[in-house]
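A quick write-up on the structure given underneath.
The values are calculated or read from the model by the stated rules, or taken from the named source; none is laboratory data. Owing to the predicted nature of the structure, the values given are computational and were not obtained by experimental measurement. Please note: Cβ atoms are built from the backbone with ideal geometry, for glycine as well, and neighbour counts cover all protein chains shown.
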Amino acid sequence: MPIPVASLCGAPRAGGAAASPRCSRGIVHRLLALALGASACAGPGGDEHPPGGGDSAGTGPAVPNSATAGAESTYYRTVAFLSMVNRQTMIVPWDFENRSTSEGVERTLRGWLGRGGRWSQFADEEWSTPPSRSPWGILPRGEEARLIVGDGGVVRELYYRQGIRDLSVRPGALIAEWRGSGGDTYRLHRARARLAEVEYLGVAIDAFATVPGGQSHPPGWLLLVGDGPLYLLVAESKGAGSHRAWALKGDDEMLWPAVAISWTETATYGSVGLEVPVSWTLDSGDGTLVGEIEPVASQLQAVGGEGGVLPELGGFEVEGEVRVDGAEVRVRGFLRRFAGR
């Protein structure tokens, strides 16, 4: 029997996932609109809501509640563009990390460009700003980066110009909006990117998560795109080894409250001996979602920390095959992985 819409933003019910997890897309979006607050993402002038007209894109990520918006919280936001047309891939992930302390906000911006299996990093910046009433708000820095944010924290454009020529990402119409069990939010948009005066069509995912205390890592996630169209998102949820998944298949939206992800192969990364998975299987346990994916290309970066094993930020261009509710679909996509914190 289908999972009731009322259970979509809560914990999984006893008994696990239902055999046919379809739900009404319109009802889900209305419930999520009530559940999600507006985000106070800022432009260069400060931490207030910037000017800008509303559109059909919806709200930004949820405003952290009082339990998670304390002085020692870390806020993570990734906006990643994916274009996968005729085997010519282009992936542009932008990662923002804001760590709020009693002395201010420690900010990090990292950006990568992946094209045809080759990765290059175009931004890796760290700086501090004074204490803010909305420390989760993302900011550009200097003249190289440009960020345009509309009402409710909706990202309208990300732009970077240094070392590479005119790289921009412009999220557009909202495709789907999902919320994780830990308050993390995922918004999928149609999008355009521009590089060296060439425009690319694709999708952009806007992922937001809060980690109290800054002592852990944000949820990792996997976005897969296939014909149909099919959009499948799998994200870590609270609890070790726990994941949940959402899919939009045509006009049907689906939820799996518990999905197992298994590493079928690993490789050793760098001199610190970090074991990195390089092949994964997906299994919802009831036969309605199974699949196997492998990396096509990857970028890995140690991102500071103490001890012999450093925190690692990884991005994988992947491809494989999934079976969703009985239908086999060839998919490609992007996996954002955080580990070692």
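Answer yes or no as to whether R146 is of a type in the set (D, E, K, R) and under 30 Å from K249 (Cβ atoms). Against the criterion (of a type in the set (D, E, K, R) and under 30 Å from K249 (Cβ atoms)), R146 does not qualify. In the set V278, V296, only one residue is among the aliphatic types (A, V, I, L, M), at pLDDT below 90, assigned to a strand (DSSP E or B) and farther than 20 Å from T78 by Cβ; that residue is V278.
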